[in-house]
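Each remark here refers to the structure printed beneath this line.
The values are calculated or read from the model by the stated rules, or taken from the named source; none is laboratory data. All figures in this text were calculated on a predicted structure; none of them were measured in a lab. As a convention, Cβ positions derive from the backbone with ideal geometry for all residues, glycine included, and neighbour counts pool all protein chains shown.
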Amino acid sequence: MTSSSHSSTEERSERTAAKVAAAQELLAEQVAALRSGEDWQRFLAFQAKLHQYSPNNVLLIHAQHTQAHAEGLVDAPEPSCVAGFQTWKALGRSVTKGQHGYAILAPVAGLRRLAVDPSGERRLLDAGEQARPGETEERHRLVRGFRVSHVFDVSQTTGEPIPEPTRPQLLRGEAPRGLGAAVLALLERRGFSVSTVADAQAIGGANGQTNWAERTVVVRADMDDAAMVKTLVHEAAHVLLHEGAPDHLLPRPLKEVEAESVAFLVASAHGMVTDDYSFPYVAAWAGDDPVAAIQATQRRVAWMARVILEASPAEHGSGGKVPGTDLAVDGARADRGAHAPEGGVAPLPEPMGL
């Protein structure tokens, strides 16, 4: 390699790194701004008033809701927002006449009072008994047992509209030519096959889905080319970042923040504007402190975005969008051949110190 070509490669790498860094900063700023907006604040305040349920109660709620749906008592096939009668009333909604609450096990709280002497010795206080002079009192809440309580799904209520956060909006138009095929090749080199399904209903309402056991990635086909390619990048980020220990043990919200952040960075570098999808999506998964969540994943996300960008033949140095229909998963596979290169899975480069 000549000195000039080496310099040119370094310059391209530096430009790519600068674009990735600028896009990461924009993502953090805009997600934080979105979460501080009025609509999000109303939604978070609403969510804070709803109870959190144990896994056993979630199973009880789901089973009873499924039965109610089978009997035609509720329209929604799955439960969503669930709360008690008085909570719904406080939120401006009323339980519809004829609806029956779902039985759950509610803890019966108790109080354990201990007297602690100066030496640190503790003794249990009876009801009404007070600590002696020189002693201090400790109080500990505990569960004395359970009682049956009843809750109602939002589909069983009417009244004030439920606040909702900003929803992700699908990308429109065409993707830069070659980007989808390059990501497809990355996935196939990792041993994953890629195909399409008719619509989101076929994969539980998602735009794309990765099946680790079957080593497959599927993307819904009823989207514009740009949205299909961006979804493929999102799923590729899952495959490349979250396969194997310890990364597959990361909490799902963190995985989703990482995958969508990678998709946003790659799309941005190619001149594809995904703000209306990526900002709400990341905001929904990022928790109470979205900036902290984005910063915690910044190094891995930047590394993976650069891996994908370096594999893409599409123009992304200037950020200009190159027109041209892309994904067509089956067609791309037919053009390149369906088999991954011989010699097994190509290792990824180590993350760079960014």
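At-a-glance table
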| read-out | value |
| --- | --- |
| Segments classed as helices (runs of 4 or more DSSP H), wholly inside the stretch 239-310, with at least 1 members that are among the hydroxyl-bearing types (S, T, Y), surrounded by fewer than 24 Cβ atoms within 10 Å (Cβ to Cβ) and touching a residue at least 60 places away in the same chain (Cβ under 8 Å) | 252-269, 275-285 |
| Condition met for R139 (in contact (Cβ under 8 Å) with a residue 12 or more places away in the chain, surrounded by fewer than 10 Cβ atoms within 10 Å (Cβ to Cβ), charged (D, E, K, R) and not in a loop (DSSP other than H, G, I, E, B)) | yes |
| So V194, is it outside the structural domain of D75 (by TED's automatic domain parsing), assigned to a strand (DSSP E or B) and farther than 28 Å from A106 by Cβ | yes |
| Pick from the stretch 74-104, criterion among the aliphatic types (A, V, I, L, M), touching a strand residue (DSSP E or B) at 6+ places or on another chain (Cβ under 8 Å) and at pLDDT 85 or above, ranking: farthest from H140 (Cα to Cα) | V74 |
| The stretch 190-246 - residue that is charged (D, E, K, R) and under 17 Å from the mean Cα position of the chain (by Cα) and, of those, farthest from Y277 (Cα to Cα) | E243 |
| All strands (runs of 3 or more DSSP E) inside the stretch 52-126 with 1 or more residues being crowded, with 17+ Cβ neighbours inside 10 Å | 93-95, 102-116 |
| Single match in L232, L265 (criterion: closer than 21 Å to V183 by Cβ and at pLDDT 95 or above) | L232 |
| Among the residues listed as R122, R132, R147, R112, the single one being closer than 28 Å to N57 by Cα and either in contact with a His (Cβ under 6 Å, 6 or more places away or on another chain) or free of Cβ contacts under 8 Å to residues at least 24 places away in the same chain (or both) | R112 |
| Members of the stretch 278-301 found to be within 27 Å of R172 (Cβ to Cβ) and of a type in the set (D, E, K, R), listed by number | none |
| N211 vs. criteria farther than 24 Å from A21 by Cβ, polar (S, T, N, Q) and either outside the structural domain of L27 (by TED's automatic domain parsing) or surrounded by 18 or more Cβ atoms within 10 Å (Cβ to Cβ) (or both) | no |
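Conditions (1) of a type in the set (S, T, N, Q); (2) within 18 Å of L171 (Cα to Cα), marked per residue:
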site: S193; (1), (2): yes, no
site: T196; (1), (2): yes, yes
site: I203; (1), (2): no, no
site: N211; (1), (2): yes, no
site: T231; (1), (2): yes, yes
site: V273; (1), (2): no, yes
site: D276; (1), (2): no, yes
